[in-house]
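The structure under discussion appears below in the form of structure tokens.
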Amino acid sequence: MESIWENISTALELAPDTADRWLAKLRAQYTQSHRHYHTESELIRRKVPHLTGASVCIQLAALFQYYHFEADKDCVARNCETVGEFFADAQIENKTLEANVKRLLGDLQMEAGDLSEDDVQYFQDLDLLVLGIPAEEYKQYTQQLRNECPEEDVSSYDKMRLKLLQALSRIPSIYMTAQFSERFESAARTNIEQEIKDLQSK
């Protein structure tokens, strides 16, 4: 996370105290005790190699995407609000960048500005990256996701997860960009097929 935050801080010319304060905030959020997969050591670590050469917009969106996270709640509005707080606190006068980050996070009411379709597709693929990791790591990932779910909701989670995976298995291409598709598509399909079998056998 630190290397990506340094890129952001340099590009946006953040004051050192502002940069340090927000990095500490991000780290505090991603180390909350109810998180098992949505952490710096799991989620962010896997994305960092693919963020290094990405736009500042994508880098910001990736770090704030799960700033607030609860397995049974939609946190898009809260995360977009936090992005607004960051831009205000850092005194960044770039409304287009702010709108584009919020748009990537799921605020569809924001004007897309100069947000390219390539950035949208890359960001979506980045979020699905984990589907194409090696099989043993994928098993750990699925267990981490279940551990984030409130105990009383695990059965409902399994049903929703199964529907999601079945929908993904039916689409022609899971990844929208060539670089992710070439590298992760085959493994992702194998992982998804196995998880569907595991969920159906429960």
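The values are calculated or read from the model by the stated rules, or taken from the named source; none is laboratory data. All figures in this text were calculated on a predicted structure; none of them were measured in a lab. Note: ideal-geometry Cβ built from the backbone for every residue, glycine included; neighbour counts use all protein chains shown. Just so you know, the surface numbers come from the protein's heavy atoms only, side chains and all, with ligands and any DNA or RNA stripped out. Shrake-Rupley method; radii C 1.70, N 1.55, O 1.52, S 1.80 Å.
Being over 20 Å from Arg78 (Cβ atoms), within 14 Å of the chain's Cα centre (by Cα) and of a type outside the set (D, E, K, R) narrows it down to one residue among His50, His38; which is it? Lay out the reasoning, then the answer.
Working: His38 fails: over 20 Å from Arg78 (Cβ atoms).
The conditions single out His50.
Restricting attention to the stretch 168-185, and to residues there that are part of a helix (DSSP H, G or I) and more than 19 Å from Lys47 (Cα to Cα), which single residue is nearest to the chain's Cα centre (by Cα)? Give the steps one after another, and end with the answer.
The initial filter retains those residues of the stretch 168-185 that are part of a helix (DSSP H, G or I), namely 168-170, 178-185.
Subset that is more than 19 Å from Lys47 (Cα to Cα): 168-170.
Details: Leu168: 17, Ser169: 20, Arg170: 22 Å.
Checking each candidate, the answer is Leu168.
Considering only the stretch 84-100, I want to know if a residue exists there that is within 30 Å of Tyr157 (Cα to Cα), open to solvent by less than 70 Å² (accessible area, probe 1.4 Å) and not in a helix (DSSP H, G or I). Break it down into steps so the answer makes sense when it comes.
Keep residues of the stretch 84-100 that are within 30 Å of Tyr157 (Cα to Cα), which gives none.
No.
Checking Trp22 against (1) closer than 20 Å to Leu126 by Cβ; (2) surrounded by 19 or more Cβ atoms within 10 Å (Cβ to Cβ), which single condition isn't satisfied?
(1)
For residues that are over 21 Å from Val130 (Cα atoms), touching a residue at least 40 places away in the same chain (Cβ under 8 Å) and not in a helix (DSSP H, G or I), tally how many sit in the stretch 1-44.
3
What number of residues in the stretch 101-137 are out of contact with any Ser or Thr (no Cβ under 9 Å at 6 or more places or on another chain) and not in a loop (DSSP other than H, G, I, E, B)?
Counting residues in the stretch 101-137 that are out of contact with any Ser or Thr (no Cβ under 9 Å at 6 or more places or on another chain) and not in a loop (DSSP other than H, G, I, E, B) gives 16.
What residue, among those in the stretch 139-179 that are surrounded by 16 or more Cβ atoms within 10 Å (Cβ to Cβ) and in contact with a Ser or Thr (Cβ under 9 Å, 6 or more places away or on another chain), is farthest from Lys202 (Cα to Cα)?
Tyr175
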